[in-house]
Amino acid sequence: MIPVSKPFIGEAEKQAVMEVLDSGMLAQGPRTAKFEERFAQVCGVKHAIATTSGTTALHIALLANGIGEGDEVITTPFTFIASANSILFTGAKPVFVDIDPETFNIDPAQVAKAITPRTKAIMPVHLYGYMCDMDALQAIADQHGLKIVEDACQAIGAKYHGKAAGSIGTGCFSLYATKNVMAGEGGMITTNDDAVAEKCRMLRNHGMKRRYYHDMLGFNFRMTDLCAAIGLAQLDRLEEFTAKRRANAAYFNSKIESVITPKVKAGYDHVWHQYTIRVDGRRDRDAAVKQLNEAGIGTGVFYPVPAHQQEYMCEITGEVKLPVAEQLAKEVISLPVHPQLSQADLDVIVAAVNQL
Ligand SMILES: Cc1ncc(COP(=O)(O)O)c(C=O)c1O
């Protein structure tokens, strides 16, 4: 089976972990600081703050932006559940709006319509490594005085008109094992705002600035130096990884004819965390998945149930109808696009998809 994702674990990653083990200093320390410095450079921002996961990054990034009880945050339902959960963790309410069927991302026109006096922030999710229409979202945020917390968990290295994911609002990244840059588990917050950065640093470490003096209620969301060492080794290869993903996606787009392939608009640099095809509404997606799996192709369905249709979420947000997201949830299939695919793998995938 060609796996849908495959973490790259090379000699550099192994050696980096062994060095941390040999040092005897396993918790957050100098490797984490170095990883934060390098990550900030990659995103072109002043600060990067490492955490335990993308989920905890989103959670404290929202808190640091002043989001809490009684607030509303407008977001997409077509995402991993952590985006919406992080809003709930702060005491705020997610308000789901529909997406653009071409990009799979939040539709700015729907965002504008959903604003109420309680709206405090917009959380765009750069799904599959493809950035949202940030100029339109920024204009709405400026007009209404809203914060932007970018869920860039899938989008390290992606750009929108030359601006990096995570450099526009407060950015949040996941370093989960299957991400384009991984650390096993981990998260990162990026910002140019000194006050937000300081608050995130305090929130991840029990509200401390000075050891054992606690200025606020905080968490233990600290990254270990073991994870940071892996992440640092991975960052060295980010450009190479991204170039390979782009070449794989371009090959698929030139060869796949049987289904709807993902298109990229001018001005966007996609990093292809996922390469996601759509069977059209008349075809049975689950049968197509079965056929691909039987041909030895690993697949993913991201995501079969949009956030607004998860049972516990409905109880909180009430029933909402979002037809585009609901339709796409029935049509999407993600194919392997990771950097470790060989030309033979690509050809097997194209042949199997064209058989659908
Ligand atoms: C869009 C999105 N948001 C949030 C997360 C949460 O990140 P983590 O799994 O590192 O907590 C993920 C990770 O899968 C994600 O893909």
ask   = Can you tell me which residue in region 9-38 is surrounded by the most Cβ atoms within 10 Å (Cβ to Cβ), limited to those that are touching a helix residue (DSSP H, G or I) at 6+ places or on another chain (Cβ under 7 Å) and among the hydrophobic types (A, V, I, L, M, F, W, C)?
value = Phe35
note = Residue pairs qualifying under the 7 Å Cβ cut-off, at least six apart or on distinct chains, with the first in region 151-176 being on the phi > 0 side of the Ramachandran plot and the second being hydroxyl-bearing (Ser, Thr, Tyr) and away from the ligand (no atom under 16 Å from the Cβ), are Gly157/Thr242
note = Of the residues in region 299-356 that are part of a helix (DSSP H, G or I) and small (Gly, Ala, Ser), the one that is farthest from Asp280 (Cα to Cα) is Ala344
request  = Could you tell me whether region 256-263 includes any residue that is assigned to a loop (DSSP other than H, G, I, E, B), of a type in the set (A, V, I, L, M, F, W, C) and open to solvent by less than 40 Å² (accessible area, probe 1.4 Å)?
outcome  = yes
Of all residues making up region 149-179, the number that are touching a helix residue (DSSP H, G or I) at 6+ places or on another chain (Cβ under 9 Å), part of a strand (DSSP E or B) and away from the ligand (no atom under 13 Å from the Cβ) = 4
query = Name the residues in region 204-225 that are away from the ligand (no atom under 16 Å from the Cβ) and either within 15 Å of Thr32 (Cα to Cα) or surrounded by 23 or more Cβ atoms within 10 Å (Cβ to Cβ) (or both), would you?
reply = Asn205, Asp225
query = Does region 111-127 contain any residue that is free of Cβ contacts under 8 Å to residues at least 40 places away in the same chain and either under 30 Å from Glu240 (Cβ atoms) or within 16 Å of the ligand (Cβ to nearest atom) (or both)?
reply = yes
ask   = Is it the case that region 286-297 has a residue that's open to solvent by 40 Å² or more (accessible area, probe 1.4 Å) and assigned to a loop (DSSP other than H, G, I, E, B)?
value = yes
Where a residue in region 213-240 is in contact (Cβ under 8 Å) with a residue 24 or more places away in the chain and its partner, wherever it lies, is of a type in the set (Phe, Trp, Tyr) and crowded, with 22+ Cβ neighbours inside 10 Å, with Cβ under 6 Å and at least six apart = Ala228/Phe35; Gly231/Phe35; Leu232/Phe35
request  = Among what's in region 68-95 and is in contact with a Ser or Thr (Cβ under 6 Å, 6 or more places away or on another chain) and either open to solvent by 30 Å² or more (accessible area, probe 1.4 Å) or away from the ligand (no atom under 16 Å from the Cβ) (or both), pick the residue that is farthest from Ala183 (Cα to Cα).
outcome  = Glu72
query = Can you name every residue in region 327-344 that is crowded, with 17+ Cβ neighbours inside 10 Å, of a type outside the set (Gly, Ala, Ser) and out of contact with any Gly (no Cβ under 7 Å at 6 or more places or on another chain)?
reply = Leu328, Val332, Ile333, Leu335, Val337, His338, Pro339, Leu341
task = From Pro101, Pro117, Pro108, Pro94, grab the single residue that is in contact with a Lys or Arg (Cβ under 9 Å, 6 or more places away or on another chain) and at pLDDT 95 or above.
result = Pro101
inquiry  = I'm trying to understand the selection: among the residues of region 270-317, which are of a type in the set (Ser, Thr, Tyr) and closer than 18 Å to Thr75 by Cβ?
reply    = Tyr303, Tyr312, Thr317
inquiry  = Looking at region 22-36, I want the residues that are closer than 16 Å to Arg201 by Cβ and have a partner that is assigned to a loop (DSSP other than H, G, I, E, B) with Cβ atoms under 6 Å, at least 6 apart or on another chain. Which pairs are those?
reply    = Ala27/Thr224; Gln28/Arg222; Gln28/Met223; Thr32/Met223
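The values are calculated or read from the model by the stated rules, or taken from the named source; none is laboratory data. As the structure is a computational prediction, the values presented were derived from the model and not from experiment. When we count neighbours, we look across all protein chains shown, and the Cβ atoms used for this are built from the backbone with ideal geometry, even at glycine. Just the protein is used for accessible areas: all its heavy atoms, side chains included, with ligands, DNA and RNA removed. Shrake-Rupley method; radii C 1.70, N 1.55, O 1.52, S 1.80 Å.
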